[in-house]
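I have placed the structure first, in the form of structure tokens, so that the comments after it can refer back to it.
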Amino acid sequence: MLHTSDITSYHAHVYFDADTLDQAKSLCTAAADMFGVSLGRFHERNVGPHPRWSCQLGASPAQFTELLPWLALNRDGLIIFCHPDTGDHLANHRDHAIWLGTGLDLDLTIF
């Protein structure tokens, strides 16, 4: 059985498309500025298991406790996929997922 101490960090993947790229950039930049989370690249193609263009926000467990509710309140229709990092990539993406907005099918075959 896992314990919360097994979580080393969290990722929040903000999904967007050509029409919502500027919205995603504004949201992710604001999150990085407000919470000190790491801001990844804005991938204008599907990367890894993600079914849409995305940008990753990396957060410590402490940062995530503030980031998650803020994203829930400010995502303005964007779909956001969050997961903990425990070392088990498949379980993190499949079993421990947190969706803000409509959940989407991930390509888990890469794990």
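Would you be able to say whether some residue in region 7-22 is under 22 Å from residue 110 (Cα atoms) and either surrounded by fewer than 14 Cβ atoms within 10 Å (Cβ to Cβ) or at pLDDT below 95 (or both)? Quick ask: steps written out before the conclusion?
In the first step, residues of region 7-22 are kept if they are under 22 Å from residue 110 (Cα atoms); the result is 7-16.
Those still in the list that are either surrounded by fewer than 14 Cβ atoms within 10 Å (Cβ to Cβ) or at pLDDT below 95 (or both) too: 8.
Yes: one or more hits.
Here are some residues: 93, 83. Which one is over 21 Å from residue 36 (Cα atoms), touching a residue at least 24 places away in the same chain (Cβ under 8 Å) and open to solvent by less than 50 Å² (accessible area, probe 1.4 Å)?
Every option except 93 fails the conditions.
The values are calculated or read from the model by the stated rules, or taken from the named source; none is laboratory data. No experiment lies behind these values; they were computed from the predicted model shown. Note: ideal-geometry Cβ built from the backbone for every residue, glycine included; neighbour counts use all protein chains shown. To get the accessible areas, we keep the full protein, side chains included, count just its heavy atoms, and leave off ligands, DNA and RNA. Shrake-Rupley method; radii C 1.70, N 1.55, O 1.52, S 1.80 Å.
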